[in-house]
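**Student:** One structure, pasted below without further comment.
FYI, it's all coordinate maths here, none of it is from the lab. Just so it is clear, the model here is predicted, and its values are computed rather than measured. Every residue, glycine as well, gets a Cβ built from its backbone with ideal geometry; the counts of neighbours run over all protein chains shown.
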Amino acid sequence: MSTIITDWQQHHEALFGQHSVELSHNLANSTLFTDEALAALIEKSPREAYHVNYSQKTPGNPPRRREGEIKDLSGKDVLEVVKTGNIWINLTAPASVNPAYGDLLEDIYAEFEDRVPGFKSYKRRLTILISSPNVSVKYHSDVPGQSLWQVRGTKKLYVYPAAKPFISQPALEKLILGQLRETDMPYEPWYDDYAEVHMLDAGKMLHWPLNGPHRVVNENMLNVSFTTEHWTDELRRHYAVNYANGVIRKATGAQKLSQQVTGLSYYSKLALAGAVKFTPLNPQKRKEYKVDFRVDPQAPEGVRDIEGYAFVK
Ligand SMILES: [Fe+2]
């Protein structure tokens, strides 16, 4: 068996999925994340397999991000812009461009499944994040199980409790129903007093509890990271009950709805979720993005405004 995680201890088994677990890994020197490898990935990724984003630099939680495009640039040029500009690139399907990233994903989950009894994951995904010095990612929650792997550079990761007031039940339901952009979640600066703060150096990763809100701030250097996400039967049950609750709340205006995932009410909710075209593993419907800048090495921050157009993914 490969050993990607280098400091696993027996007690992590009990913590995994329940609390944040920070671990060390051996991917910081992997050939999959060198400039050459990333430049090749950027060049080969089709339009539907990347996002490039820009947010104005502000202290604290950044404003809503803008969506851009990459045109007529080599992967190497793009990396230069990331190093000196203010953008972040999300490669959403590296495994379809180079199967080695798919193999890495398989190896990672094989290792966790070997170490955590009863952990069986599916619909796994790996996405790569290449981001400029000091870039931040806005407060948000993700729908599937999530981990963040730091490969190059250092970032500060704030993880907040997956409970109200940090995430309300209606906000979670809207997120699952696709009615709330993940980065439009309500945030207050005082939330930070209740966050776990992890300084993720190259060679560290964090796995945190389901739907835990989080935000990220890069230190002053290029950052290369990747996320892994997955589903399990248990995560799916939570998804189903929150999905159904969202539908019931919308239809009836109910205030109090149980989040229990067992018993009669759970099964009737599961049936309801099925009745309204419940698609547990495809939570994100097609999204429309407005592309309004192009990556440009000559422009300030590497970002040139263009006439906006819609991009549906
Ligand atoms: Fe996230």
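**Student:** Tell me the mean residue ellipticity at 222 nm calculated for the chain from its helices only (DSSP H runs of n ≥ 4, each -39500 (n - 2.57), averaged over every residue, nearest 500).
**Tutor:** Working: 8 runs with 87 residues, N = 313.
Taking each H run of at least 4 residues, the total per residue is -8500 deg cm²/dmol.
**Student:** Something else about it: Could you derive backbone 3J(HN,Hα) for segment 154-169 from the dihedral phi with the Karplus parameters 6.51, -1.76 and 1.60 (θ = phi - 60°), listing whole Hz in sequence and x where the residue is Gly or Pro?
**Tutor:** 9, 9, 9, 10, 9, 10, 10, x, 7, 8, 6, x, 5, 9, 8, 4
**Student:** Related question: Work through the residues other than Glu229 whose Cβ is under 9 Å from its Cβ and net out their charges, Lys, Arg +1 and Asp, Glu -1. Mind dumping the intermediate values first?
**Tutor:** Working: positive: Lys123, Arg124, Arg125; negative: Asp142.
With Lys, Arg at +1 and Asp, Glu at -1, the neighbours total +2.
**Student:** Nearest 10 degrees, 0 to 90: what angle lies between the long axis of helix 263-275 and the longest principal axis of the chain (Cα atoms)?
**Tutor:** 50
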